[in-house]
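The values are calculated or read from the model by the stated rules, or taken from the named source; none is laboratory data. What you are looking at is a predicted structure, and each value in this text was computed from that prediction instead of being measured. A quick note on method: Cβ atoms are made from the backbone with ideal geometry, for glycine too, and the neighbour counts reach across all protein chains shown. The area values use the complete protein model at the heavy-atom level, side chains included, leaving out ligands, DNA and RNA. Shrake-Rupley method; radii C 1.70, N 1.55, O 1.52, S 1.80 Å.
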Amino acid sequence: LIEKYAILHHTASPRIPSKPYSHLAGIEYQQFSNRICFVPEFLRERVAAGDFIENHKLLAVGCLDKDVYDFIVKLHGNYPKHTVQMSPTQCEILKHYHNFLNLARIIIASQFYQIAKNLHEEYHEIKDAVLYSTSLPNQYLDWTENSMEGAAGPCLPKDLASLVNLVACNKINAP
């Protein structure tokens, strides 16, 4: 079943990566678009193993074949709390959405930490009060004097370039 499919775990530009990977499945590009599967990982780089085992909230499988989806779900065992089958393009948009939503949280936390600090106020008391008034989780909102400014790691530059490329190539009006 799986021998004629390519399963990619990394972030790639939606709708763009199929052609470069068609040789991996040993088939022509026209046939390949239905045989590529994207299975994005929602893991934090520093704690990836722990996230996979203990915090595996979603297994999103971007493929068009239900048998392949079932096979990939089986490979992941009981770790994912939720599984969803999507098109490969939907799956890649999901990955970008997830990463940029987290980036927004990092930027907001960093800015409000600096504002509170400069006004000699306790950031964590303000942040906790915000969390009491919303359904937002605390992820990426904790900030200390030792926190790095902005996002860190290799994902953001790669994802930003990928998203800019997608918007430009498809002439999407995304402000």
Condition set within 22 Å of Ser135 (Cβ to Cβ) and not aliphatic (A, V, I, L, M), scope the stretch 81-109, selection modelled with the highest pLDDT: answer is His82
Near pairs, Cβ below 9 angstrom, 6+ apart or cross-chain, from the stretch 157-175 (within 13 Å of Ile93 (Cβ to Cβ)) to any residue that is open to solvent by less than 60 Å² (accessible area, probe 1.4 Å) and among the hydroxyl-bearing types (Ser, Thr, Tyr): Asp159/Thr11; Ser162/Thr11; Ser162/Ser13; Leu163/Ser13; Leu166/Ser13
Go through the residues of the stretch 74-83 one by one and say whether even a single one is in a helix (DSSP H, G or I) and under 27 Å from Val39 (Cβ atoms). yes
When (1) part of a loop (DSSP other than H, G, I, E, B); (2) within 23 Å of Val47 (Cβ to Cβ); (3) open to solvent by 90 Å² or more (accessible area, probe 1.4 Å) are applied to Asn138, the one that fails is (3)
Breaking point among (1) open to solvent by 50 Å² or more (accessible area, probe 1.4 Å); (2) farther than 18 Å from Leu163 by Cβ, for Lys127: (1)
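Return yes when Tyr69 is crowded, with 16+ Cβ neighbours inside 10 Å and in contact with a Phe, Trp or Tyr (Cβ under 9 Å, 6 or more places away or on another chain) and no when it is not. So that I can check it myself, show each step before the final result.
Numbers: crowded, with 16+ Cβ neighbours inside 10 Å: yes; in contact with a Phe, Trp or Tyr (Cβ under 9 Å, 6 or more places away or on another chain): no.
The answer is no for Tyr69.
One line per residue, one yes/no per condition, for (1) open to solvent by 70 Å² or more (accessible area, probe 1.4 Å); (2) closer than 19 Å to Glu45 by Cα; (3) touching a strand residue (DSSP E or B) at 6+ places or on another chain (Cβ under 7 Å); (4) of a type in the set (Phe, Trp, Tyr):
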{"residue": "Asp65", "(1), (2), (3), (4)": "no, no, no, no"}
{"residue": "Gly77", "(1), (2), (3), (4)": "no, no, no, no"}
{"residue": "Glu92", "(1), (2), (3), (4)": "no, yes, yes, no"}
{"residue": "Lys95", "(1), (2), (3), (4)": "no, yes, no, no"}
{"residue": "Ser147", "(1), (2), (3), (4)": "no, yes, no, no"}
{"residue": "Pro157", "(1), (2), (3), (4)": "yes, yes, no, no"}
{"residue": "Val167", "(1), (2), (3), (4)": "no, no, no, no"}
{"residue": "Ile172", "(1), (2), (3), (4)": "yes, no, no, no"}
